[in-house]
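Student: Let me begin by handing over the structure; questions about it come next.
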Amino acid sequence: MILGLDISTSRIGYSIIDHDEKLINHGEIKLNPKDSLETRADLFYSIIEQLKENHEVKHVFIEQPFIAFSGGKTTAATMAKLQRFNGMCSYVVRLLFGFPATLIQANKARGLVGLKIKRGEKTKLKVIEWVEAKYPKDFIVEYTRHGNPKPGTDDKADAIVIANAGLKLNQENT
């Protein structure tokens, strides 16, 4: 089985798929922004440890954090914090599973699964639509009263794309 992770400092999306692309488990880990990064990493450790106990994960793939500024939305401090936390989570994976996670860039992951996003389209919504179409019975999107996907939906969807991309990478390398 393959574990896909989309890590941020406020939420972590996770998914487990089998080698037939069946979605076995998915969810999100909500992190308290008032907690230290170390405390958030402890929570990540305990949840990933539970997933490890319940599923025979053989490969772990993590969406690579941004390494470039994106249109003024991200500060250097935010990027440094995300890189630091991503490193902590990557180390947790290595501790628990005994092997390092493989990092995949978001654009590469979407390309590997055949998800094409045109300039001007809302990436998060397109990813959610792709996952909803691929797993209509297993991935149910809930909406806010304003008609937007509930917070965390995009994190879970990204983790599912990462897991599927990881499976494609494994198939290419065998």
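The values are calculated or read from the model by the stated rules, or taken from the named source; none is laboratory data. Given the structure is predicted, the values throughout are model-derived calculations rather than measurements. For neighbour counting, all protein chains shown are included, and Cβ atoms are generated from backbone atoms with ideal geometry for every residue, glycine included. Calculation scope for accessible area: heavy atoms of the full protein, side chains included, ligands and nucleic acids excluded. Shrake-Rupley method; radii C 1.70, N 1.55, O 1.52, S 1.80 Å.
Student: To the nearest 10 Å², what's MET88's accessible area with a 1.4 Å probe?
Tutor: The accessible area of MET88 comes to roughly 40 Å².
Student: Set the Förster radius R0 to 25 Å, insert the Cβ-Cβ distance between GLU172 and LYS137 as r into 1/(1 + (r/R0)^6), and round the FRET efficiency to 0.05.
Tutor: The pair GLU172/LYS137 has a calculated efficiency of 0.35.
Student: On a 28 Å Cα-Cα criterion, which of the cross-link pairs LYS30/LYS124; LYS81/LYS150; LYS22/LYS150; LYS52/LYS122; LYS34/LYS168 come out too long?
Tutor: LYS52/LYS122; LYS34/LYS168
Student: Could you tell me which residue out of GLY98, SER15, PRO33 lies farthest along the dipole of the chain toward its positive end? Charges go on the beta carbon: Lys and Arg +1, Asp and Glu -1, centred on the Cα centre.
Tutor: Positive-most Cα among the choices belongs to PRO33.
Student: Please list 81-87, 164-170 highest first by mean number of surrounding beta-carbon atoms within 10 Å per residue.
Tutor: With the highest mean Cβ count within 10 Å placed first, the list reads 164-170, 81-87.
Student: Now for a different question. Do the sum for the chain: with -39,500 (n - 2.57) for every DSSP H run of n ≥ 4, divided by all residues, what is the mean residue ellipticity at 222 nm, to the nearest 500 deg cm²/dmol?
Tutor: The helix contribution divided over the chain gives -15000 deg cm²/dmol.
Student: Diagonalise the Cα gyration tensor of segment 16-126 and give the resulting equivalent ellipsoid semi-axes, square root of 5 times each eigenvalue, largest first, whole Å.
Tutor: For segment 16-126, the semi-axes come out at 24, 22, 13 Å.
Student: Right, next: Roughly how big is segment 36-174's charge dipole about its Cα centre, with Cβ charges of +1 (Lys, Arg) and -1 (Asp, Glu), in debye to the nearest 20?
Tutor: 600
Student: From the phi of every residue in segment 32-45, what ³J(HN,Hα) in whole Hz does the Karplus formula 6.51 cos²θ - 1.76 cosθ + 1.60 yield, where θ is phi - 60° and glycine or proline is x?
Tutor: My calculation for segment 32-45 gives 7, x, 7, 6, 5, 4, 5, 5, 5, 5, 4, 5, 4, 4 Hz in order.
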